[in-house]
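Visitor: The structure is given below, and queries will be raised subsequently.
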Amino acid sequence: MTGHGRLPVVYAPDADERFSSWAARMAPFYAMTVSEFVAALGLQGHNVFDLEWRLSEGQGALIATRTGLSPEAVRAMTFWDLRPEARMMIARGHGRRCPACPSDIRRRTSALPWVFHCAVHVADLQDAAGGSLPAILGAGPMAALERTAKAGATVLEAWAHGVGQQGFGPAEMLALLTARHRRASPLSLREQPRMSLQTRRDYHEFLTTPIIRQALTVIVPEYDRVAPVLTKPVLSGPRSLAQGSLLQSFALTVGIELPPVSWTAG
Ligand SMILES: [Zn+2]
């Protein structure tokens, strides 16, 4: 494995498979760690996720030569075609999973925070705890929001590929959605879980702590209704989508498409 010839055995990438997933499947075949396998591709010292993020033409050509895969097939496993701001949103880790996918296959589109279905099985993606959107939101709200989420995802997809960059775009909309729409305030009675007087006393401090109030909760009231109070606030700007939970990124994707007509100061 020290020469620069072609590797004797190379798995074909699965449909829409990520480079990091493919490398993680190949490495054990050669009894190597992933970084050893990356070195065997001629890219010693490079991190597999960095390569996946932004593969240069030269690096792609090198991998193609070593594997016999076409340069196009190698590139298709990476996020080279996304604008940098969108690339920042790609989860490195395992993130969301499709229950129908083999456990060792990670797909490229499942890593995009505005994608909620497996590209191959169309199944609802699940978070690390096995939760899915229909289970979290309920079937009714899910069905009501799905079309808007799809439209929001189309907007984000175009933005990620550098289409329609001018004017008020998803980045500006995310800033708006995550902005505070009124002053921080403690939980209202409606927001509080049902609890005994004793519990109420025990949690007095929490119950009187001001919670930040973001526009998202007004623009997407379904989110406001089901999101647990403690994890309701989202990060600000693009990080909200990049690092949000399954529910949070779904609500943000819906919010991107919804015009803020109901956005009123509370
Ligand atoms: Zn799948």
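Visitor: So how do Tyr203, Tyr223 line up by other beta-carbon neighbours within 10 Å, fewest first?
Guide: Tyr203, Tyr223
Visitor: Here is a further query. Kirkwood Rh and Cα-based Rg: tell me the resulting Rg over Rh for region 217-259, rounded to two decimals.
Guide: 0.92
Visitor: Describe numerically, in nm with one decimal, the distance between label points set 7 Å from Cα along Cα→Cβ at Arg83 and at Thr33.
Guide: About 3.8 nm, to one decimal.
Visitor: Let me ask something additional. Whole-Hz Karplus ³J(HN,Hα) for region 191-197, in order, using 6.51 cos²θ - 1.76 cosθ + 1.60 and θ = phi - 60°, x for Gly and Pro?
Guide: Result, rounded to whole Hz: 7, 7, x, 5, 8, 6, 4.
Visitor: Would you please classify the overall shape of region 58-185 from the alpha carbon gyration tensor, given that a ≥ b ≥ c denote the square roots of the eigenvalues, rounded means a/c under 1.5, and beyond that prolate means a/b larger than b/c while oblate covers the rest?
Guide: Numbers: a/c = 2.30, a/b = 1.36, b/c = 1.69.
Cα axes put region 58-185 in the oblate bin.
Visitor: Sort 251-257, 24-30, 195-201 by packing, meaning the average of other beta carbons within 10 Å per residue, with the highest value first.
Guide: 251-257, 24-30, 195-201
Visitor: To the nearest 0.05, what FRET efficiency results for His46 and Asp104 with a Förster distance of 25 Å applied to their C-beta separation? Please report the intermediate quantities before stating the final value.
Guide: Numbers: r = 22 Å, r/R0 = 0.87.
My answer for the efficiency is 0.70.
Visitor: Scale the Cα Rg of the chain by the rule-of-thumb value 2.2 N^0.38 Å and send over the ratio, two decimals.
Guide: 1.19
Visitor: Also: Ranking Val48, Val234, Val229 by Cβ neighbours within 10 Å, fewest first, what do you get?
Guide: Fewest-to-most ranking of Val48, Val234, Val229: Val229, Val48, Val234.
Visitor: When a/c is below 1.5 the answer is rounded, else prolate if a/b is larger than b/c, else oblate, so apply that to region 150-262 with a ≥ b ≥ c taken from the square roots of the Cα gyration tensor eigenvalues.
Guide: prolate
Visitor: How would Ser132, Ser56, Ser21 line up from fewest to most surrounding beta-carbon atoms within 10 angstrom?
Guide: Details: Ser132 17, Ser56 10, Ser21 24.
Listing Ser132, Ser56, Ser21 from fewest to most nearby Cβ atoms yields Ser56, Ser132, Ser21.
We did not get these values from a lab; they are worked out from the coordinates using the rules stated. Quick caveat, the model's predicted, so the values are computed rather than measured. As a convention, Cβ positions derive from the backbone with ideal geometry for all residues, glycine included, and neighbour counts pool all protein chains shown.
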